[in-house]
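The values are calculated or read from the model by the stated rules, or taken from the named source; none is laboratory data. Predicted, not measured: the structure shown is a model, and the values here were computed from it. Backbone-built Cβ (ideal geometry, glycine too); neighbour counts: all protein chains shown.
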Amino acid sequence: MSMLAGIVLIVLGLLFFLSGTVGLLRFPDVFTRLHALSKADTLALGLVCAGLALHEDDGALQLKLLLIWLLVIVSGATCASLIARAALAHGIRPWQR
Amino acid sequence: MTVFYLAGALFLLANVVVALARVLRGPTAADRMLSGELMGTTAVAVLLLLYGATGIEALLDVALVFAILAAMAVVTFVRRTWPEDPAADDEGESR
Amino acid sequence: MRAPPSPTASDPGNGDGLMHPVEITFDALLLFSMVVLAWQGVHARNMFRAVVSFIMFGLLTAVAWVRLEAPDIALAEASLGAGLTGALLLATLGRLAPERRGARRPKVVKLSTLPWLTMGLAGTTVLLAVTLTLPAPGLGEAVLAAMPAAGVDSPVTAVLLNFRAWDTLLEIGVMLLAVIALWSLGQDVLASKPRLPAPALPALVRLLFPLFVLSTFYLLWRGGHGPGGAFPAGALLAAGLVLALLAGAQVPERMRGAPLRWALGAGLFAFLVVAVGLMWAVGTFFAYPPQHASILIAIIEIAAGLSIGVMLTALFLGGEPTDIKGGGK
Amino acid sequence: MSLPPGTLFLLASALLFAIGAHGLVTCRHLLRKVLALNVATTGVFLLLVTLGRSGTAVDPVPHAMVLTGIVVALSTTAVALGLIVRLERRRP
């Protein structure tokens, strides 16, 4: 049962990675791309981590997977803020329709 | 099961190769850095899936190091490279 | 719960067993994108694009090491190759004059194709011939036979710190020489006051720095029985210190002189003390008595790991640390 | 498919070394030369480890050599970059 659930989670994660890439390629400016990428990728990695943790028996390894995800959340969020701020300071105007 | 993990890793790799187009197209340095970040996150996921395929526990350590160091490049970029670097962007293209 | 790894899949192309087509496709795509990124890294039109391509190349190289069943090299590549080298290149790019960074067309030396192509092919052929005559088993069995007396469980750590400890000693010497060379060029050019306010950064560093220290010691501890050891550990420590410096921290005043120099030299010093002490006690340079090998290696590894961290930070700074307000800029 | 083991990696390492060596000779920008040198180094490392896998037991000696090599490459890169920064500042 948890085997199947893990597979479903991992596949969902892969789809979110795909959507992040689509956003990176198709969105019109830095800020929208940043928006697409940082959220989709963080969630996708979380799903992959959760799926792998379901396939795992060892508690220490599950903890390590959780730690990896937390690290990516923290650094991803900070990096998104840093890049957006730098882009604004650099004089890039947000895209408007 | 192993094949499932490997296929997932292959999918992610193909995904990131497609995203490389953003490095080529730019136009600003921030866009290029963004694809670098995507590559970092994807590499973590690929390592995790390869761990699932092979069961080598050391791969989790490698993924952990990747996750910790993910911030390094972006922070250096924002603090050192970009604030004073007009040349990192392609001039003459739309932003 | 986990299916035991089947030999065909966990064993990519290692003589016996066929590779699964998915694996072959994965390797082919991985290596293809590595080659493309390497070409971009050398010849991209825009210098920044070249550096970003090179950083991505480093990330993929780490995955390639994993495919080659070398997780210890993957660790070192992830921390040293991709992490610190990338940061170093980006920081350098920020210090170059703008007109030297964004040349629209990289200037190249024109080579006449024919003689170079012939020479390249000839060289490759000679190398191939030499490669094919190498003894096939290598030293794998010899190392395995000597493992019981090594004092550690990981073969790679045993080679680095016991069988070929002499090489590692000189390697740390090379790093120290690099630091000395950079310091002799003057004060730290890479340090400058960033103009951009970044409120999230100090918070990130406060959160991450304990984790950096923790994982440094985790990798040092892992080094005894698995991939890990002094070099990735030192690289992580250096990454933490560099991140703190980027967030606006400065080298404390009282650390600048002698303490910093001692920290830089500690690894080499510990190595030399153990080596010379063993020469005095046993009679041979760097011959551990098997019953003490474990503890001696642990001492060397901790000292080396910490001082590698400090040395890598010094390499990143590119000069003797100075007060930024005074004359760093 | 019946490729001999490691063929792809050997091919890639040769290509990487070629790209690096070619770039080292042809590029005029010093930073590009440093990048090219690093690419060539990676090619050599890949070759070493791939060859070390041909025996029955995994040979740890090439692994240790490559670890040493990565550290030395980083040290030389750092010194080269420091020199480049100084050189550029002297140049009018």
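Does at least one position in region A:23-37 carry a residue that is crowded, with 20+ Cβ neighbours inside 10 Å, outside any loop (DSSP other than H, G, I, E, B), among the charged types (D, E, K, R) and touching a Leu at 6+ places or on another chain (Cβ under 8 Å)?
Looking through region A:23-37, at least one residue is crowded, with 20+ Cβ neighbours inside 10 Å, outside any loop (DSSP other than H, G, I, E, B), among the charged types (D, E, K, R) and touching a Leu at 6+ places or on another chain (Cβ under 8 Å).
Return the residues of region B:19-59 that are more than 9 Å from chain C (Cβ to nearest Cβ), among the hydrophobic types (A, V, I, L, M, F, W, C) and within 12 Å of the chain's Cα centre (by Cα); say none if nothing qualifies.
Passing the criteria: B:ALA19, B:LEU34, B:LEU38, B:VAL44, B:ALA45.
May I ask you to list the residues in region C:138-152 that are more than 7 Å from every other protein chain (Cβ to nearest Cβ) and touching a helix residue (DSSP H, G or I) at 6+ places or on another chain (Cβ under 8 Å)?
C:ALA146, C:MET147, C:ALA149, C:ALA150, C:GLY151, C:VAL152
Given the criteria over 17 Å from the mean Cα position of the chain (by Cα) and touching a residue at least 12 places away in the same chain (Cβ under 8 Å), does A:ASP29 qualify?
Yes; evaluated as a whole, the condition is true for this residue.
Residues that are over 23 Å from B:ALA9 (Cβ atoms) and either among the polar types (S, T, N, Q) or crowded, with 19+ Cβ neighbours inside 10 Å (or both): does region A:45-59 have at least one?
No, region A:45-59 has no match at all.
Restricting attention to region C:81-91, and to residues there that are more than 8 Å from chain B (Cβ to nearest Cβ) and at pLDDT 85 or above, which single residue is nearest to D:PHE45 (Cα to Cα)?
C:THR85
Could you please find all residues in region A:60-97 being surrounded by 15 or more Cβ atoms within 10 Å (Cβ to Cβ) and touching a residue at least 40 places away in the same chain (Cβ under 8 Å)?
A:CYS79, A:ALA80, A:ILE83, A:ALA84, A:ALA87, A:ILE92
Condition check: more than 11 Å from C:VAL63 (Cα to Cα), touching a residue at least 24 places away in the same chain (Cβ under 8 Å) and either aliphatic (A, V, I, L, M) or buried (at least 24 other Cβ atoms within 10 Å of the Cβ) (or both). Does B:ALA58 satisfy that?
no
Assuming C:LEU37 fulfils every condition listed in (1) assigned to a helix (DSSP H, G or I); (2) at the interface with chain D (Cβ under 7 Å from one of its Cβ atoms); (3) of a type outside the set (Phe, Trp, Tyr) apart from one, which condition is it?
Tallying (1) assigned to a helix (DSSP H, G or I); (2) at the interface with chain D (Cβ under 7 Å from one of its Cβ atoms); (3) of a type outside the set (Phe, Trp, Tyr), C:LEU37 fails exactly one: (2).
Working only within region B:2-18, note down all residues that are more than 22 Å from C:VAL52 (Cα to Cα), more than 7 Å from chain C (Cβ to nearest Cβ) and free of Cβ contacts under 8 Å to residues at least 40 places away in the same chain.
Those that are more than 22 Å from C:VAL52 (Cα to Cα), more than 7 Å from chain C (Cβ to nearest Cβ) and free of Cβ contacts under 8 Å to residues at least 40 places away in the same chain: B:PHE4, B:PHE11.
Given C:LEU111, C:LEU161, C:LEU190, which one is within 12 Å of chain D (Cβ to nearest Cβ), modelled with pLDDT under 70 and within 22 Å of C:LEU236 (Cβ to Cβ)?
That would be C:LEU190, the only listed residue that is within 12 Å of chain D (Cβ to nearest Cβ), modelled with pLDDT under 70 and within 22 Å of C:LEU236 (Cβ to Cβ).
Out of everything in region A:24-66 that is of a type in the set (Val, Ile, Thr) and at the interface with chain B (Cβ under 7 Å from one of its Cβ atoms), what residue ends up being nearest to B:LEU50 (Cα to Cα)?
A:VAL48
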